[in-house]
Structure formats: C-alpha cells, structure tokens
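**Q** There's a structure below that I have some questions on.
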Amino acid sequence: MNYEDLVPVIRTLALEAGDKIMEIYGADDFDVKTKSDDSPVTAADEAADAIISAGLRAAFPDVMLVTEEQSATHTASGDTFLIVDPLDGTKEFIHRRGDFTVNIALVEGGTPTRGVVYAPAKGRMFFTQADGQTVEETGDFAKDKIGAVTPISVSNADNSALMVVASKSHRDQATDDYINKYAVKDMKSAGSSLKFCLIATGEADVYPRLGRTMEWDTAAGHAVLLGAGGDVVRFDDQTALKYGKADFANPFFIAYAPSVDLKPA
C-alpha cells in the first residue's frame, strides 16, 4: 500500500461520510433499526457506509475490505485489509450526544498502521500521515486539501495522578475494580473511538475496556494512538492486540501511554 495515496483518500471519505451523518443528525427524526446482535443501526450508518465502501473499492480494488455494515465482508480472511466503522457510537448519535465518529483504517500484518478518526459533531479529526505520525487537523476540513495540522503525542504520565478515560455507555463493576488499582487524579467519559484519541493527544493516560468490541470499533483509534506513541494490549496477558481474528471480535484490552505502569488483570 502506498501511504501517500491512501491517507488523502481515507481522510476525504471520512469527511464526506461525516457530512451525510450530520445531514441526518440534523433532521427532526430518523429511523432506528435493530441488528441481529440487538445493536442499533440508523440511516446514517448505512449512508456513511455506502460512501466509504464505494470510495475504498474504487481506489483500492485489490485490497480486502471489512466493514461493520456489510455482513458479507465478515467472512473474509487475512491479516492485511481496510476496515471501516462508518458510525461508531450509534447510541450517542441516537441520543444526540455528539460523541460519535467515522473510522477507517488499514491493517497490515495484523497491526493497524494508518487510520482516520473523524468526530463530525465535535469538529475534531485525527489521522496518521503517510510517515506514520498522527496529527490533529484544524480548520475548515476542505475535501480536496489537507489543512493545518498539529502533531500529537501521548502524555508523560504521572503514575501518582493518572487521568483515566472510560466509556459513556459500557461501564461496569469489573471496569471500576480495575481502574481502582491505579492512583487516579480524574476520570473522563467519552463515547466511541474518541477514547483512543484522548490518549493520543495526552488528554488522558489510560483506557481499559472490559467489554465486547469488534475490530472495526478499534482499528482506526488504535492506528491513531500508535502514531502518537501509544499502544494497545490485551487485558489478559498484556500482549499486542492483533487484527484479522477469525470473527473480528476483540478480547478485553487496555489502551495507554507507555509511561503508565500497567497493573495486571
């Protein structure tokens, strides 16, 4: 994959999908359906997926594509592929909380190497440049030209006063029990893949996830965090979280700045 070709394409597709999502978000009402796993899906999920998948297939026809909204892609097999969650944080979208994101990533050899996370309601965009460095773009997000960008990097965490980020919709006692192993200064709550981005910018230090996620939920945020000097490991044995698993389901994991002294499970 030529990263110089890839990055502008995934950035533009994320912006185009974000426009469509916000068009539906701004409507008086929108339909909410339920998928086979009881998770919600809206017209915004489907419209954003159509934009992104068509664009990726046109630009990179020979690269395997996995996308949440197309179950036929979930039987694909390989460790190198493009992976998409067109609207992560559907519950946040439905409740009009703004913490939803567009996510596109490239996985190579089981590791997310390039990705974009765009939060259209918050006006925040994070992506890995061709050289692998993660940046946050500011400005008017022109489709045809990358605007001003700021390189971002993880915090030099103070282990006596950590900033923890956790899910808005998926907190439980097991998560709280693990968080309580740390000296916590404060906690932030965020939806969707924004949690990875908050660690990537140094706004938070650690994000433990003791709940079900799929690879399309995490790949873009994982790539953004790697490009900012962070990492994501399995919760059980703290080995690298890998992609291309048989069912694209993730184990529990911890995303963190490397200066954090990780506690055992």
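**Q** Give the number of residues within the stretch 57-78 that are buried (at least 17 other Cβ atoms within 10 Å of the Cβ) and part of a helix (DSSP H, G or I).
**A** Looking only at that region, the number is 1.
**Q** Right, something else. Of the residues 240, 265, which single one is out of contact with any strand residue (DSSP E or B) (no Cβ under 7 Å at 6 or more places or on another chain), surrounded by fewer than 24 Cβ atoms within 10 Å (Cβ to Cβ) and not basic (Lys, Arg)?
**A** Matching residue, one of 240, 265: 265.
**Q** In addition: Within the stretch 125-132, does at least one residue satisfy the condition of being hydroxyl-bearing (Ser, Thr, Tyr), farther than 30 Å from residue 71 by Cα and either in the same structural domain as residue 40 (by TED's automatic domain parsing) or not in a strand (DSSP E or B) (or both)? Spell out the reasoning first.
**A** First, pick out the residues of the stretch 125-132 that are hydroxyl-bearing (Ser, Thr, Tyr): 128.
Okay, now just the ones that are also farther than 30 Å from residue 71 by Cα, so none.
So far as the stretch 125-132 goes, no, none of its residues is hydroxyl-bearing (Ser, Thr, Tyr), farther than 30 Å from residue 71 by Cα and either in the same structural domain as residue 40 (by TED's automatic domain parsing) or not in a strand (DSSP E or B) (or both).
**Q** Would you check if residue 30 is at pLDDT below 95 and either over 26 Å from residue 229 (Cα atoms) or in a strand (DSSP E or B) (or both)? Spell out how you get there, then give the answer.
**A** Numbers: at pLDDT below 95: yes; either over 26 Å from residue 229 (Cα atoms) or in a strand (DSSP E or B) (or both): yes.
Against the criterion (at pLDDT below 95 and either over 26 Å from residue 229 (Cα atoms) or in a strand (DSSP E or B) (or both)), residue 30 qualifies.
**Q** Residues 54, 50, 44: which one is in a helix (DSSP H, G or I) and under 19 Å from residue 193 (Cα atoms)?
**A** Being in a helix (DSSP H, G or I) and under 19 Å from residue 193 (Cα atoms) holds for just one of 54, 50, 44, which is 44.
**Q** Here is a check on your reading of the model: is residue 105 touching a Lys or Arg at 6+ places or on another chain (Cβ under 9 Å) and either modelled with pLDDT of 95 or more or over 22 Å from residue 226 (Cα atoms) (or both)?
**A** Yes: the conditions hold for residue 105.
**Q** Pairs please, first residue from the stretch 141-165 and more than 28 Å from residue 259 (Cβ to Cβ), second anywhere and acidic (Asp, Glu) and modelled with pLDDT under 95, Cβ atoms under 6 Å, 6+ apart in sequence or on different chains.
**A** If the second residue must be acidic (Asp, Glu) and modelled with pLDDT under 95, no pairs are left.
**Q** Here's another thing I want to ask about it. For residues that are of a type outside the set (A, V, I, L, M) and under 13 Å from the mean Cα position of the chain (by Cα), scanning just the stretch 102-112, find the one that is farthest from residue 223 (Cα to Cα).
**A** 103
**Q** Just checking, which of 93, 127, 81, 141 is surrounded by 16 or more Cβ atoms within 10 Å (Cβ to Cβ), more than 22 Å from residue 226 (Cα to Cα) and at pLDDT 95 or above? Walk me through it before giving the result.
**A** Values: 93 fails: at pLDDT 95 or above; 127 fails: more than 22 Å from residue 226 (Cα to Cα); 81 fails: more than 22 Å from residue 226 (Cα to Cα).
Residue meeting the stated conditions: 141.
The values are calculated or read from the model by the stated rules, or taken from the named source; none is laboratory data. These numbers were taken from a predicted model, which means no experiment stands behind them. Heads up, the Cβs are rebuilt from the backbone with ideal geometry, glycines too, and the neighbour counts pull from every protein chain shown.
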